[in-house]
1. Return a single number: how many Lys pairs in the chain, at a sequence separation of 8 or more or on separate chains, have alpha-carbon atoms below 26 angstrom apart.
2. Would you please put 49-57, 153-161 in order of how densely packed they are, using the mean number of other Cβ atoms within 10 angstrom per residue and starting with the highest?
3. Rounded to whole Å and sorted largest first, list the principal axis extents of the Cα atoms in the chain.
4. In percent, how large is the relative contact order of segment 1-140, given Cα pairs closer than 8 Å and 6 or more residues apart?
5. Assigning unit charges at the beta carbon (Lys, Arg +1; Asp, Glu -1) and nothing else, what dipole magnitude in debye, to the nearest 20, does segment 1-121 show about its Cα centre?
6. Compute the length gained on full extension between ASP94 and ALA20: take 0.36 nm times their separation in residues and subtract their Cα-Cα distance, giving the result in nm to one decimal.
7. What accessible area per residue, rounded to a whole number of Å², is obtained for the chain using a probe radius of 1.4 Å?
8. Taking H as built 1.01 Å from N, whose amide H comes closer than 5 Å to the amide H of LYS163, not counting residues under 5 places away?
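The values are calculated or read from the model by the stated rules, or taken from the named source; none is laboratory data. A quick note: this is a predicted structure, and the numbers were derived from the prediction, not measured. Note: ideal-geometry Cβ built from the backbone for every residue, glycine included; neighbour counts use all protein chains shown. We work out accessible area using only protein heavy atoms, side chains counted, and drop any ligands, DNA or RNA first. Shrake-Rupley method; radii C 1.70, N 1.55, O 1.52, S 1.80 Å.
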Amino acid sequence: MAKKSRKSVGTPATVALTAAGVAFTTHSYDHDPATASYGEEAAEALGVAPEQVFKTLLAEVDGTLTVAVVPVSGSLDLKALAAAVGGKRAAMADPAVAERTTGYVVGGISPLGQRKRLPTVVDASAEGRPTVCVSAGRRGLEVELAPQDLVALTGARLAPIAKR
């Protein structure tokens, strides 16, 4: 069962949200280390549709690390991501590089509060939702916020980058 809280939990993501004055809700749950899908685990624990929970992935587009935020119900379309940022080729980033660059562990990478600001693309399906959930910076902790706030805080562009 997910626990709701309006207080900042103190991850770089929640600190960034608090500093920006953005309305958000944190949801914590007991993470199972044996889970096959962190995102699906989060959706189930929060009792929300997988289309509302977004996972944060890192890819290299023409050698530049790029953040992709897509619903856990789908997968990342690497060609669409490359096109969205004006690139030609995209490949998933090495997990160790993703962790080192963002300051978060795989399964807990948040698009918010990363060590270094990277080009970011949020799947266009977020646009029509009142709120979306993304990792708050650790496994078992999600943050729910308005998609327009997510886009504004990350400097993201919206584009259809998910395969359903």
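1. Qualifying lysine pairs in the chain: 13.
2. In decreasing order of mean packing, 49-57, 153-161 become 49-57, 153-161.
3. Each principal axis gives a Cα extent; for the chain these are 42, 34, 32 Å.
4. So the answer I get is 27 percent.
5. Dipole magnitude for segment 1-121 comes out near 540 debye.
6. So the chain would gain 23.6 nm between ASP94 and ALA20.
7. Using a 1.4 Å probe on heavy atoms only, each residue of the chain averages 49 Å².
8. Distant-sequence amide H within range of LYS163: SER75, LEU76, ASP77.
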